[in-house]
Every structure is written in C-alpha cells, then in structure tokens.
1. Kindly indicate which of 221, 214 is within 16 Å of the ligand (Cβ to nearest atom), assigned to a helix (DSSP H, G or I) and in contact with a helix residue (DSSP H, G or I) (Cβ under 8 Å, 6 or more places away or on another chain).
2. Whether any residue in the range 152-166 is within 18 Å of residue 69 (Cβ to Cβ) and in contact (Cβ under 8 Å) with a residue 24 or more places away in the chain is what I want to check.
3. Hey, could you check the range 40-72 for residues that are part of a loop (DSSP other than H, G, I, E, B) and within 8 Å of the ligand (Cβ to nearest atom) and say which is surrounded by the fewest Cβ atoms within 10 Å (Cβ to Cβ)?
4. Filtering the range 102-116 down to residues that are in contact with a helix residue (DSSP H, G or I) (Cβ under 6 Å, 6 or more places away or on another chain) and in a loop (DSSP other than H, G, I, E, B), which residue is farthest from the ligand (Cβ to nearest atom)?
5. Any chance you could count how many residues in the range 74-101 are out of contact with any helix residue (DSSP H, G or I) (no Cβ under 7 Å at 6 or more places or on another chain), closer than 17 Å to residue 46 by Cα and assigned to a loop (DSSP other than H, G, I, E, B)?
6. Could you list, in sequence order, the residues of the range 224-242 that are touching a strand residue (DSSP E or B) at 6+ places or on another chain (Cβ under 8 Å) and assigned to a strand (DSSP E or B)?
7. Can we say residue 37 is within 16 Å of the ligand (Cβ to nearest atom), surrounded by 18 or more Cβ atoms within 10 Å (Cβ to Cβ) and at positive phi?
8. Does any residue in the range 45-60 that is more than 16 Å from residue 83 (Cβ to Cβ) come within less than 8 Å, Cβ to Cβ, of a residue that is away from the ligand (no atom under 15 Å from the Cβ) and in a strand (DSSP E or B) six or more places away or on a different chain, and which pairs are these?
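The values are calculated or read from the model by the stated rules, or taken from the named source; none is laboratory data. For clarity, every value in this text was computed on a predicted model and none was experimentally measured. Cβ placement follows ideal geometry from the backbone for every residue including glycine, while neighbour counts extend to all protein chains displayed.
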Ligand code: ADP
C-alpha cells in the first residue's frame, strides 16, 4: 500500500512554480485516455473547470475518479489527449493540493500535526532548507483557520478522522493552493464531522480556492455541490446536479445497480470503505 507521506515527499522536487497563462481555464482535459496495462481507466474524456467552482466527481467504483485526480495533480500523464492546468502541464504547478483516500495514508507514521502542515511548504522552501518565519506563520494561520491549533504538537495518528481531514486541509492552505482535490474525504466521518467538513470547505471555497471532491455518495453530491461530474470511464455528464443526475445518465453510469426511494438515490455498487 502506498504511504501518503512518503509519496508526498517523493513528489516534492525543487522545481519552479509554473506560470498561469492569462485567459486559460483552471483545468482542461482534451480527449484524454488513461490506461493501466490493458485496463482503460479513462476513455476520451474532455471537460473544462474554471476558478471558484465546487465540483463533486461521482461514479461507481473503478469509474476513474482517482485516476482523474492523479492526472490533475500531475502524478500521471495521459496515454493520449492533453491535460493543462492554467495552460501548461500540471506537473510544474505548486498550486494544486491533493488529499488522497484515508486508506492510502499510513496514519502510524510518526509525525506531528505541525509537521504535516509544514509539508505543504516543502516544495516552496526547498527540501533541504529550513522553514523561515513566513513559513511558520503560514502554518500557524492555517492551523487556526481549520480550528486545530491546540492539536499542533499531537501525533497525526492520535487524531479523529474529522481532525485528520482538517490537518490535510490546513496543509493545502499552508501550501497556498488554488485547487484542492479531496478523494472520498467523508469516508468514516460521522454526521456532525461531515457537517463541520462542509462548513470548512465552504469557507475555503469563499477564500477563492477551487474545491473538488470524489465521492460515491450521489445524494450528498446533489445536496452540497453546484456542479457534478458523472464518470464511468468515459464522462457521462457534467453540470448542475439536477441535470447530471437524471435517470438516463444514472442508468448509463450504474446500469441496473441503482434504486430511488423518494428523492434518495441508492447505488448497490458502492462503497469500498
Ligand atoms: P475510482 O477512483 O473511480 O474507483 P480508479 O481511478 O481508482 O477508479 O480506477 C479506474 C480503473 O483503473 C479501475 O479498473 C482500477 O482497477 C484501475 N486501476 C487504478 N489504478 C491502477 C493501477 N495502479 N494499476 C492497475 N490498474 C489500476
């Protein structure tokens, strides 16, 4: 299993932040196909995202949601087609923060909350330099913004799921990210923690950060987001939830594995915890 901290450090190269080309969308995918060996994970996907949008990416297990995020963060490249972030290849941008699924992170890793948030500064500081005053101030402000400053010296593994989620959002804030990608951020959170999470996401979004989450929860996507992207290897639809989550589109994405009870949509095929 990948270790989230290690892979983050492995990706932390000393590179210059790419320029944002004027007039270009935040993200653009043009006829993108991604394969892992014989498996097609994304097939001829095209769409554009603009700054300030709050988007939920939904679809059954194996639909390509994580693959899409890995493309956006520059971790993988398409086999064909092109992806651009503000007009250039995503790899060179420091403005994207990615919070992987909880199961991809080794929570036993011996680091404090402050260490994790400071990792958001690593690429800007340079791996082998010491954090300066501005870095430490940004880390402290970020911890305060997500209400976990009193936990700054705790080991990350000692925190609850909701608190750990906040730590990673603080890391994105310390990084001064403009695009925040969260993969299944609600897994394992109880209802009050989910509510706190959405309040925080709204505040982050109001401060100008574009937030995108992957979720298998269609009802939550419909309730909380003004844009939904429905994936099933190909892009089924993108737009307002009431248009995207139509019976026809849902049948195209989930086949017969979906039922509705009143306004609630229930998918048989979800949900790997
Ligand atoms: P989702 O996040 O929607 O569950 P993924 O992007 O994880 O979908 O996976 C899309 C498809 O690609 C699935 O069939 C999955 O098994 C496959 N896949 C994902 N990652 C890998 C990998 N590293 N190696 C081989 N196949 C992979």
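1. Unique residue meeting the criteria: 221.
2. To start, the set of residues in the range 152-166 that are within 18 Å of residue 69 (Cβ to Cβ) comprises 165.
With in contact (Cβ under 8 Å) with a residue 24 or more places away in the chain added as a condition, the list becomes 165.
Yes: one or more hits.
3. Let us first name the residues in the range 40-72 that are part of a loop (DSSP other than H, G, I, E, B), namely 50-53, 59-64.
With within 8 Å of the ligand (Cβ to nearest atom) added as a condition, the list becomes 59-64.
Numbers: 59: 25, 60: 21, 61: 11, 62: 14, 63: 24, 64: 26.
Filtering first and then ranking leaves 61.
4. Here the answer is 111.
5. Adding up the residues that qualify gives 5.
6. Those that are touching a strand residue (DSSP E or B) at 6+ places or on another chain (Cβ under 8 Å) and assigned to a strand (DSSP E or B): 227, 228, 229, 230, 231, 234, 235, 236, 237, 238, 239.
7. On the way: within 16 Å of the ligand (Cβ to nearest atom): yes; surrounded by 18 or more Cβ atoms within 10 Å (Cβ to Cβ): no; at positive phi: yes.
When the stated conditions are applied, residue 37 does not pass them.
8. Note: pairs meeting the criteria are 51/210; 52/210; 53/210; 53/227; 54/210; 54/211; 54/227; 56/227.
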